[in-house]
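J.: Sharing a structure here in structure tokens format.
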Amino acid sequence: MELEIASGILKELGHVTRLSIYKTLVKAGHQGMPVGELQQQLAIPASTLSHHLSSLISVSLVRQERQGRTLFCHACYDNLGALIAFLTDECCSGGSDNPARCPPNIRRKK
């Protein structure tokens with residue numbers, strides 16, 4: 001992942017409403033969540049939700065899928081994983097000869 005792409009993703013997640021939307025979709029799992037249910041859970045107006053979803057879709061963190069008359073939103077887990085990998089990929093690579101000093105959950109792979 002390039003720095004500019006990561007920066008754009010983090011910018012979109014830097015808004016409290018978008019972060020709430022994204023966390024809710026991540027919690028929903030791979031089946032996603034209908035837009036109406038998402039709106040109801042977060043108690044935000046439809047136009048506000050639409051605006052923030054567009055921002056998350058533009059950086060490929062969310063995708064939408066129509067099933068009959070219902071529009072579902074899904075978190076794009078692969079892109080979330082790519083962002084996390086980008087942020088942690090070089091953990092403790094700044095000269096430390098002891099990778100054990102890195103946090104265990106992000107320890108650098110050799």
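The values are calculated or read from the model by the stated rules, or taken from the named source; none is laboratory data. It should be emphasised that the depicted structure is a prediction, and the values quoted were computed from it without experimental measurement. Here the Cβ positions follow ideal geometry from the backbone for every residue, glycine too, while neighbour counts run over all protein chains shown. Protein only, heavy atoms only, side chains kept; ligands, DNA and RNA dropped before computing areas. Shrake-Rupley method; radii C 1.70, N 1.55, O 1.52, S 1.80 Å.
J.: Can you give me the solvent accessible area of L83 with a 1.4 Å probe, rounded to the nearest 10 Å²?
T.: The accessible area comes out at roughly 10 Å².
J.: OK, next. Compute the length gained on full extension between Y77 and T48: take 0.36 nm times their separation in residues and subtract their Cα-Cα distance, giving the result in nm to one decimal.
T.: Gain on extension, Y77 to T48, equals 8.1 nm.
J.: Then there's this: Only one of the values (1) 12.4, 36; (2) 13.0, 39; (3) 16.8, 57 was calculated from this structure for Rg and Dmax of the Cα atoms in Å; name its label.
T.: Working out Rg and Dmax of the Cα atoms in Å from the coordinates points to (3).
J.: Taking the Cα atoms only, what angle lies between the long axis of helix 77-88 and the longest principal axis of the chain, rounded to 10 degrees?
T.: 30
J.: Loop sites only, by DSSP: take the GluC sites (Glu not before Pro) in the chain that have at most 10 other C-beta atoms within 10 Å and name the longest stretch containing none of them. Mind showing how you got there, number by number?
T.: Numbers: sites that count: E2, E90.
Result, exposed sites excluded: 3-89.
J.: What accessible area per residue comes out for the chain, rounded to a whole number of Å², with a 1.4 Å probe?
T.: Here the per-residue accessible area is 65 Å².
J.: Quick one: divide the alpha-carbon radius of gyration of the range 6-52 by 2.2 N^0.38 Å and tell me what you get.
T.: On the way: Rg = 10.9 Å, N = 47, 2.2 N^0.38 = 9.5 Å.
It is 1.14.
J.: Report, in deg cm²/dmol and to the nearest 500, the calculated mean residue ellipticity at 222 nm for the chain, where each DSSP H run with n ≥ 4 adds -39500 (n - 2.57) and the sum is divided by the residue count.
T.: On the way: 5 runs with 57 residues, N = 110.
Counting only the DSSP helices, I get -16000 deg cm²/dmol.
J.: In addition: Rounded to a whole number, what % of the accessible area of the range 7-78 do carbon and sulfur atoms account for, probe 1.4 Å?
T.: The nonpolar share, carbon plus sulfur, comes to 51 percent.
J.: Rank I84, I9 by accessible area, highest first, at a 1.4 Å probe radius?
T.: I84, I9
J.: Now a separate question. When the chain is fully extended, how far beyond the present Cα-Cα distance does T88 get from E2, taking 0.36 nm per residue of separation?
T.: Gain on extension, T88 to E2, equals 29.6 nm.
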